[in-house]
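Participant: Encoded as structure tokens, here's the structure I'll be asking about.
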Amino acid sequence: MSHETLPALIEKLRAQPKSNFDIETMMSRASAAEDLGALGDPAAAPALIEALSDPNYVCVCAAMALAQLKHPDAVAPLIRVLEDTTKFWVSRGAAAVALGRMGELGRPALAALTKACEYDCEHAEDKWDLRAREAVEDAIRHITEPSAPCSLIGRPPRFEMWGIY
């Protein structure tokens with residue numbers, strides 16, 4: 001974890017990329033999101049919620065950071081990511097994982113998660129995937145039975161390869 005202050009990390013997270021190919025800024029923003037989650041300060045929630053609008057990796061890191069914060073204001077935005085058919089399946093799966101990790105706070109997401117179990121994996125191209133469905137099923141399990149072990153770790157295809165676990 002970085003030793004930067006909360007304001008400095010939020011500033012890094014909000015940095016705008018110079019182009020669509022600005023990998024350096026994207027990685028810096030993703031790192032800032034991870035550090036904000038590890039910091040555990042609820043004051044980071046608004047910036048992390050904003051970062052959910054990122055098209056890919058920063059969104060994943062922001063979702064996981066929000067899961068660490070367990071901030072109630074994050075539930076509705078995470079549901080929107082899960083339901084966003086323009087987002088890559090990894091971001092949508094990360095939103096499901098985050099909702100599951102929120103435990104009881106994620107209960108308002110059960111209807112959206114249940115609906116996501118019916119998403120078409122076969123014709124969705126990169127917008128939905130069996131791995132995302134597994135994340136949804138695991139999230140439902142964690143919300144309805146908080147002591148349930150994670151069913152994703154160590155199971156192929158594994159989410160840890162995408163940095164979600």
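Participant: Out of (1) charged (D, E, K, R); (2) at pLDDT 90 or above; (3) in a helix (DSSP H, G or I); (4) farther than 18 Å from residue 53 by Cα, the odd one out for residue 131 is which?
Facilitator: Unmet for residue 131, out of (1) charged (D, E, K, R); (2) at pLDDT 90 or above; (3) in a helix (DSSP H, G or I); (4) farther than 18 Å from residue 53 by Cα: (2).
Participant: In the list 113, 105, which residue meets the criterion of being open to solvent by 10 Å² or more (accessible area, probe 1.4 Å), in a helix (DSSP H, G or I) and under 20 Å from residue 64 (Cβ atoms)?
Facilitator: Every option except 105 fails the conditions.
Participant: Taking interchain pairs and intrachain pairs at least six residues apart, which have beta carbon atoms under 6 angstrom, with the first residue in region 109-128 and hydroxyl-bearing (Ser, Thr, Tyr) and the second at pLDDT 85 or above?
Facilitator: From region 109-128, the pairs are 119/128.
Participant: Next up: Filter region 18-58 down to the residues that are open to solvent by 20 Å² or more (accessible area, probe 1.4 Å), outside any helix (DSSP H, G or I) and either touching a residue at least 12 places away in the same chain (Cβ under 8 Å) or aromatic (Phe, Trp, Tyr) (or both) and list them by number.
Facilitator: Matches in region 18-58: 21, 40, 41, 54, 55, 56.
Participant: Where the second residue is surrounded by 20 or more Cβ atoms within 10 Å (Cβ to Cβ) and of a type in the set (A, V, I, L, M) and the first is without any contact (Cβ under 8 Å) to a residue 24 or more places away in the chain and lies in region 3-15, which pairs have Cβ atoms under 7 Å and are six or more apart or on separate chains?
Facilitator: Sorted first by the residue in region 3-15, then by its partner, the pairs are 12/32.
Participant: What single numbered condition from (1) in contact with a helix residue (DSSP H, G or I) (Cβ under 8 Å, 6 or more places away or on another chain); (2) open to solvent by 40 Å² or more (accessible area, probe 1.4 Å) fails to hold for residue 88?
Facilitator: Of (1) in contact with a helix residue (DSSP H, G or I) (Cβ under 8 Å, 6 or more places away or on another chain); (2) open to solvent by 40 Å² or more (accessible area, probe 1.4 Å), only one is false for residue 88: (1).
Participant: Would you mind finding the one in 69, 78 that is over 11 Å from the mean Cα position of the chain (by Cα) and within 30 Å of residue 8 (Cβ to Cβ)?
Facilitator: 69 is the lone residue from the list that is over 11 Å from the mean Cα position of the chain (by Cα) and within 30 Å of residue 8 (Cβ to Cβ).
Participant: Then there is this: For residue 124, only one of the following conditions fails: (1) open to solvent by 50 Å² or more (accessible area, probe 1.4 Å); (2) over 15 Å from the mean Cα position of the chain (by Cα); (3) of a type in the set (A, V, I, L, M, F, W, C). What is its number?
Facilitator: With respect to (1) open to solvent by 50 Å² or more (accessible area, probe 1.4 Å); (2) over 15 Å from the mean Cα position of the chain (by Cα); (3) of a type in the set (A, V, I, L, M, F, W, C), residue 124 is out only on (1).
The values are calculated or read from the model by the stated rules, or taken from the named source; none is laboratory data. Keep in mind that what you see is a predicted model, and the values were worked out from it rather than measured. Positions of Cβ are backbone-derived with ideal geometry, glycine not excepted, and every protein chain shown enters the neighbour counts. These accessible areas exclude ligands, DNA and RNA; they are computed on the full protein's heavy atoms, side chains included. Shrake-Rupley method; radii C 1.70, N 1.55, O 1.52, S 1.80 Å.
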